Amino acid sequence: AIQKDISTILKENIPTDAPQTTISAHFLGLVDLVIDDNNKVAYLIKEKDSLEVATVWKVEGKLHSPPNKAHLPFALPNASNVIRWYETDIDQKLFEDILLYLKRFSYLPNNQWLLVVWEVFLTYMQDHPDIHYLPMILFFAVPERGKSRTGKAVIYISYRGIHIVDLREANLFRFSENLKATLFFDLMDLWKKAEKNGAEDILLLRYEKGAQASRV
């Protein structure tokens, strides 16, 4: 008997012209990554006026599939819940609801809270062609004043929010380029750490959409 290894079997049974699937978390028409009814990561895609859930999607002739859940450092919404809310009337109180939610965690003057709520909404609109800059909000105070608690509350409801406690360049590039994530840098003396890690250009360019910080 002749025993074939698995690579030989695959080559014989899969056509050489079969389309390759690209792992992707961002492309035109994608609303966001979601959890489907099978508890799997899926795409939520806007097709005209309706939403569609798919685990594989073709864009310009290329097949895309979502990353594994273990590689996504942020919570994913439930697809069925999103579609249910989308098909109901527009929530006219969403702005007020977010404002009340944030006020549960710390105190800020109302005019400053307005900036934070607008920032949350803006994270979901960052791919709009008329938006070129996304502001960075700095929480600055003496220790034990609720900066981390406030930042976490904001990031958990922002678009693909990730809580970061260091400036590791590899992670910053992955989160920014591959996930288009919203980042909360929870650090003491942020600029000093940026200089130590040689990451000044990342912080200076991050607010401008399309700006690139290059590395070899």
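Taken about its Cα centre, the chain carries a charge dipole of roughly 640 debye when the Cβ of each Lys and Arg holds +1 and the Cβ of each Asp and Glu holds -1. Here Rg and Dmax of the Cα atoms in Å was calculated from the structure, and among (1) 16.3, 49; (2) 20.9, 79; (3) 18.7, 56 it sits at label (2). Work out which helices of the chain, taken as complete DSSP H runs, extend at least 15 Å along their axis over the Cα atoms and score a mean Kyte-Doolittle of -0.5 or more, then list them. Helices meeting the span and hydropathy rule in the chain are 110-123. A cut-off under 13 angstrom between Cβ atoms defines the neighbours of PHE121, and their net charge, with Lys, Arg +1 and Asp, Glu -1, is -4. In the chain, the portion of solvent-accessible area held by carbon and sulfur atoms comes to 55 percent [1.4 Å probe, whole percent, DNA, RNA and ligands not counted]. Per residue, the chain exposes 71 Å² of accessible surface when a 1.4 Å probe is rolled over the protein heavy atoms with every protein chain present. Using a probe of 1.4 Å on the protein chains alone, the accessible area found for SER148 is around 40 Å². Split the chain at each of the GluC sites (Glu not before Pro) in a DSSP loop with at most 15 other beta carbon atoms within 10 Å, and the longest piece is 61-143.
Taken as Cα centroids, region 90-160 and region 162-216 sit 19 Å apart, rounded to the nearest whole angstrom. Placing +1 on the Cβ of every Lys and Arg and -1 on the Cβ of every Asp and Glu, with no other charges, gives region 112-216 a dipole of roughly 300 debye about its Cα centre.
The values are calculated or read from the model by the stated rules, or taken from the named source; none is laboratory data. Predicted model only: the values in this text are computed from it and were never measured. Glycine gets a Cβ as well: all are built from the backbone with ideal geometry, and neighbour counts include every protein chain shown. Accessible surface areas use protein heavy atoms only, side chains included; no ligands, DNA or RNA. Shrake-Rupley method; radii C 1.70, N 1.55, O 1.52, S 1.80 Å.
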